[in-house]
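Each remark here refers to the structure printed beneath this line.
The values are calculated or read from the model by the stated rules, or taken from the named source; none is laboratory data. Small disclaimer: the values here were computed from a predicted structure and weren't measured. Glycine gets a Cβ as well: all are built from the backbone with ideal geometry, and neighbour counts include every protein chain shown. These area figures cover heavy atoms from the full protein model, side chains too; ligands, DNA and RNA do not enter into them. Shrake-Rupley method; radii C 1.70, N 1.55, O 1.52, S 1.80 Å.
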Amino acid sequence: MELPRRPVVVTGFGPFGEHAVNASWIAVQELEKLGLGDGVDLYVYEIPVEYQTVQRLIPALWKKHSPQLVVHVGVSGMATTVTLEKCGHNVGYKGLDNCRFCPGSQCCVEGGPECIDSIIDMDAVCRRVSTLGLDVTVTISKDAGRYLCDFTYYTSLYQSHGRSAFVHVPPLGKPYTAEQLGRALQAIIEEMLDGLEHSEGKINCRHEH
């Protein structure tokens, strides 16, 4: 019997500020070329750096695809590693987006929790990916930066009850190529999906007894 294919959504961001070419979207396009194996339907989207578009688009993606996992990828000018973000934050959004807009409340979801953790065990993903011999260093962070990356992550975590992930990549060539970033994303997301399957297998076993 053929197993149902698992929908996975991966997003990158469009240009903003000094990032006329956004490494996150380039990396996601490289991932799309590589794919995530036969059992996964991969859907990729480029998200504009606009708060109001994010608030509309993220729930629409969840509704359209009912994905097993959504992974958002963003660029960080300060990063020199590929960074797995553990959580998204609700308040502190003061930076203007590409439309010169920021939320009047400076928050994602009024009345929402201050911080939402991903259900993905980022420490375990980081450890496992680091043993694969990729030529990319993977690290962990608890602060996605209180700009569109963090805003998108929190919006997605809130929508999905934690079934989202966020990966920060450095700008292209500082130090990694697009191909290296694409391969790193492939390895990271495959590990995330494995981790989800194992945790859900345990939950199903408990329900059956």
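What to note about this one:
- Virtual spin-label span in nm between E18 and D117, 7 Å along Cα→Cβ: 3.4 nm
- Segment 34-174 - share of DSSP beta bridges that are antiparallel (%, nearest 5): 40 percent
- Note on the chain: with a GNM built from Cα contacts shorter than 10 Å, the maximum mean-square fluctuation among T80, T53, T139 falls on T53.
- The Cα atoms of segment 97-209 cover 48, 46, 18 Å along the three principal axes, with the biggest extent listed first.
- Once Rg and the Kirkwood radius are both taken over the C-alpha atoms of the chain, their ratio Rg/Rh works out to 0.96.
- Net charge in the neighbourhood of V40 (other residues with Cβ under 9 Å of its Cβ; Lys, Arg +1, Asp, Glu -1) is -1.
- D121 contributes about 90 Å² of solvent-accessible surface, heavy atoms of the protein only, 1.4 Å probe.
- Applying 0.36 nm per residue to the separation of E110 and E197 and subtracting their alpha-carbon distance, the gain on full extension is 28.1 nm.
- For G74, residues with placed amide H under 5 Å, excluding near neighbours: V167, H168, V169
- Within the chain, helix-based [θ] at 222 nm, where runs of 4 or more DSSP H residues each add -39,500 (n - 2.57), nearest 500: -12500 deg cm²/dmol
- Heavy-atom accessible area with a 1.4 Å probe sorts D143, D123, largest first, into D143, D123.
- Accessible area of Y93 (1.4 Å probe, protein heavy atoms only, ligands and nucleic acids ignored): about 0 Å².
- Largest-first ordering by accessible area, 1.4 Å probe, given options R56, R6: R56, R6
- Alpha-carbon Debye profile of segment 21-83, log10 I(q)/I(0) at 0.15, 0.18, 0.28 Å⁻¹: -0.56, -0.80, -1.33
- Among the DSSP helices (H) of the chain, those spanning at least 15 angstrom by Cα along their long axis with an average Kyte-Doolittle hydropathy of 0.0 or more are 23-34; this is a geometric and hydropathy rule only.
- Under 15 Å, Cβ to Cβ, from E50 - net charge with Lys/Arg +1 and Asp/Glu -1: -1
- Karplus-derived 3J(HN,Hα) values for segment 8-16, using 6.51 cos²θ - 1.76 cosθ + 1.60 with θ = phi - 60°, are 10, 9, 10, 10, x, 9, x, x, 6 Hz; glycine and proline are entered as x.
- Linear extension gain, R100 paired with T139, 0.36 nm per residue minus alpha-carbon span: 10.9 nm
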